[in-house]
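The values are calculated or read from the model by the stated rules, or taken from the named source; none is laboratory data. Quick caveat, the model's predicted, so the values are computed rather than measured. Using ideal geometry, Cβ is built from the backbone for each residue, glycine included, and neighbour counts are taken over all protein chains shown. Heavy atoms of the whole protein, side chains included, go into the accessibility calculation; ligands, DNA and RNA do not. Shrake-Rupley method; radii C 1.70, N 1.55, O 1.52, S 1.80 Å.
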Amino acid sequence: MEAAFWHQVWKDRNIGFHQQQVYAVLTENIHYLGLKQGDRVFVPLCGKTKDIAWLLGQGYRVVAAELHEAAVIELFEELGVEPEIEQLAKLKRYHFEHIDVYVGDIFDLTKDQIGVVDAIYDRAALIALPESMRRDYATLLNQLSDAAPQLLVIYEYDQSLMAGPPFSVGADEIGALYGQSHSTKKLASPKLIKDFKDGVDGHEAIWVLTSR
Ligand SMILES: C[S@@+](CC[C@H](N)C(=O)[O-])C[C@H]1O[C@@H](n2cnc3c(N)ncnc32)[C@H](O)[C@@H]1O
């Protein structure tokens, strides 16, 4: 999607994707990532997710990326901390202790800037992007993280019933995007979510991608 689309989503507060609670899928499945205290988790397209506060509270470091600066300001307000803000070439970096959030287009983020990534938590990020961008996005994530392990939360539904985002991403596409770099495993059976958008039912699918 165009940047303008997402800026408008935030301006209109059309943020049904934002969860008021920490996402249970994260807390119940993070063990698959094999992290230890102090490891650094990348949260791409992070919005102002409460999952970041939870990750920090568990003793992990967090690096994240988000296009819409007001969302990042709210994220830090909700964390109750005052970040240092640094203007980089095309991005801004919001930093406090164990968290760095890069503000701007994730495709402008470089490996030098992001630093160490031990794992990736992608909730509603891959599926926020149209098919034409998903290949580049997956390649970017692998470049930035040296194909780190990943907990990936996506939706599957009949794409003909609704235009995304969120877009429907199935097992074939996960295999095509990450099958070479990771061994891919879909956890349990996907959970049905009734009327998850515009009257369309969807299934939430949780994937664990383990570095090869
Ligand atoms: C569906 S939301 C998901 C947010 C978050 N992962 C969550 O679970 O609440 C997608 C987010 O990606 C951001 N976004 C979209 N395109 C982006 C890009 N090219 N670079 C950085 N962020 C982007 C949007 O502003 C939006 O906050």
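Can you tell me which residue is modelled with the highest pLDDT among those in the range 13-24 that are near the ligand (Cβ under 8 Å from one of its atoms) and out of contact with any Lys or Arg (no Cβ under 8 Å at 6 or more places or on another chain)?
Ranking the candidates gives ILE15 first.
Among the residues of the range 123-140, is there at least one that is in contact with a Phe, Trp or Tyr (Cβ under 8 Å, 6 or more places away or on another chain), more than 14 Å from the ligand (Cβ to nearest atom) and in a helix (DSSP H, G or I)?
Yes, the range 123-140 contains a residue that is in contact with a Phe, Trp or Tyr (Cβ under 8 Å, 6 or more places away or on another chain), more than 14 Å from the ligand (Cβ to nearest atom) and in a helix (DSSP H, G or I).
Which condition breaks for TRP10 when tested against (1) under 24 Å from LEU140 (Cα atoms); (2) within 13 Å of the ligand (Cβ to nearest atom); (3) of a type outside the set (Val, Ile, Thr); (4) assigned to a helix (DSSP H, G or I)?
That leaves (1) as the condition not met.
Which is closer than 19 Å to THR184 by Cβ and open to solvent by 30 Å² or more (accessible area, probe 1.4 Å), of THR110, THR139?
Matching residue, one of THR110, THR139: THR139.
Hey, could you check the range 25-37 for residues that are in contact (Cβ under 8 Å) with a residue 12 or more places away in the chain and open to solvent by 30 Å² or more (accessible area, probe 1.4 Å) and say which is nearest to the ligand (Cβ to nearest atom)?
Top of the filtered list is THR27.
Across the range 174-190, what is the number of residues that are open to solvent by 50 Å² or more (accessible area, probe 1.4 Å) and assigned to a helix (DSSP H, G or I)?
1
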